[in-house]
Each structure stands twice: as structure tokens, then as C-alpha cells.
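Engineer: Below is the structure I would like to discuss, written out as C-alpha cells.
We did not get these values from a lab; they are worked out from the coordinates using the rules stated. Only a predicted model underlies this, so the values are computations on that prediction, with no experimental measurement involved. Please note: Cβ atoms are built from the backbone with ideal geometry, for glycine as well, and neighbour counts cover all protein chains shown.
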Amino acid sequence: MEFLIADAGQLSDYSGLSIQALCQHKGGLFVRGDHPLASKGRIAAADLKAFPLASPAVGGIDVNQMLHDSSGKPVQWQGHFVCEDIGALKTIAMESAAVLMLSDLALERELQGGELLRINPDDIEQNWSITLAVAFLAGRRPSPAAVQVVQQIKHILLSFGTVSAASEVV
């Protein structure tokens, strides 16, 4: 393996890797354009309890730790569908009443096309982000070609408006 790019949270358990943060991209809650919450003016955490949540696994973090109201009470979802297939999660969100928790970057096309919309419940803080990192085998120098490819990938990622430079070293 020359290098691997993944969520930094999923790489931290591997001691044989040298990990460098590439960028951060923010996440949020999203619904299809004609979802009942899409046209609701103000949304509160209590409004979410009528719907299921669809999301990928979040690096070993309990989603309820991330999604709680201002008093710290977790959102009581109708269920939680966890899947690592981003395409399947998008389909679930566009063809059901599920609320999707995902990164803006993964949904850029659907957000621009209006198929999916970000919702912002008033009493849920949505300032979480995912750090993408590149991993090399520890103790090995990456080839010049690998370094160049990683720099190009970072440049492309940073060209998206929802991505910022990572300030941390993992």
C-alpha cells in the first residue's frame, strides 16, 4: 500500500500507520425536498422524533452524543439505519421520510440540485466535522508520485466550498 485516504477517526487505531490530516468537511442533517420538515419554518429536536435517522457509522461515536437538544437530551428517533454505502443512504433519504446525517461534501450534487436540503433544528448544535486524513505505512517514505497525488487530492478537496484545511495533525 502506498497510501490510504479515510476518515481520521477510523484510522487512529492502527499503530503501523503514519497519519496526516488533509482537510475537514462539515456535516449536517438533510431531508428530501418534499419532506414534511423541508417546508416547516422552525424545527426543534422534538420535531425529529417522528422520523428515522439514516447515517454512516461515525468513527465509534454514539450519534446520540452528537445529536441532542440544548438541554443535553438525545433525539429520540423512530429508528436508526446505519450503512457505509453513501449511495444507499442518499436513496433512503430521497425515497423515505428518513433524516440523513452526512457530510456536505458527500451531498454536493444533491444539494445543488435541490433534491436534498439541509435542516437546522434550532436547539441542536450542528458544528461537527469530519477530518479526512492520508495514511502511509509508518517508517516508510512515500514515493514522490504518491506525494504529488496526495497534494492534488488535497487541492481538489479544498476547492469545494464546504471543505476547509485541517489544522490538526492526527
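Engineer: Can you compute the modelled spin-label distance between ILE156 and GLN10, with each label point 7 Å from Cα toward Cβ, in nm?
Structural biologist: Roughly 1.8 nm, to one decimal.
Engineer: Lysine pairs in the chain with alpha-carbon atoms under 19 Å apart, 8 or more places apart or on different chains: how many are there?
Structural biologist: Qualifying lysine pairs in the chain: 4.
Engineer: Something else: When every alpha-carbon pair in the range 27-126 is counted, what percent end up more than 20 Å apart?
Structural biologist: 30 percent
Engineer: Measure nothing fancy, just the Cα-based angle from helix 144-158's long axis to the longest principal axis of the chain, in degrees from 0 to 90, nearest 10.
Structural biologist: Rounded to the nearest ten degrees, it is 20.
Engineer: Compute the distribution of all C-alpha to C-alpha distances in the chain, in bins of 10 Å from 0, and list the percent of pairs in each, rounded to whole numbers.
Structural biologist: Taking every Cα pair in the chain, the percentages come to 10, 34, 32, 17, 6, 1.
Engineer: Can you give the angle from 0 to 90° between the axis of helix 86-95 and the longest principal axis of the chain, with both taken from C-alpha atoms, to the nearest 10?
Structural biologist: 10 degrees
Engineer: Under 10 Å, Cα contacts only: if you run a Gaussian network model on the chain, which one of SER129, SER143, SER103 comes out with the highest mean-square fluctuation?
Structural biologist: The residue with the greatest mean-square fluctuation here is SER143.
Engineer: Right, another one. Mean shadow of the range 62-107, computed from the convex hull of its alpha carbons, in nm²?
Structural biologist: Taking the Cα atoms of the range 62-107, their convex hull projects to 3.8 nm² on average.
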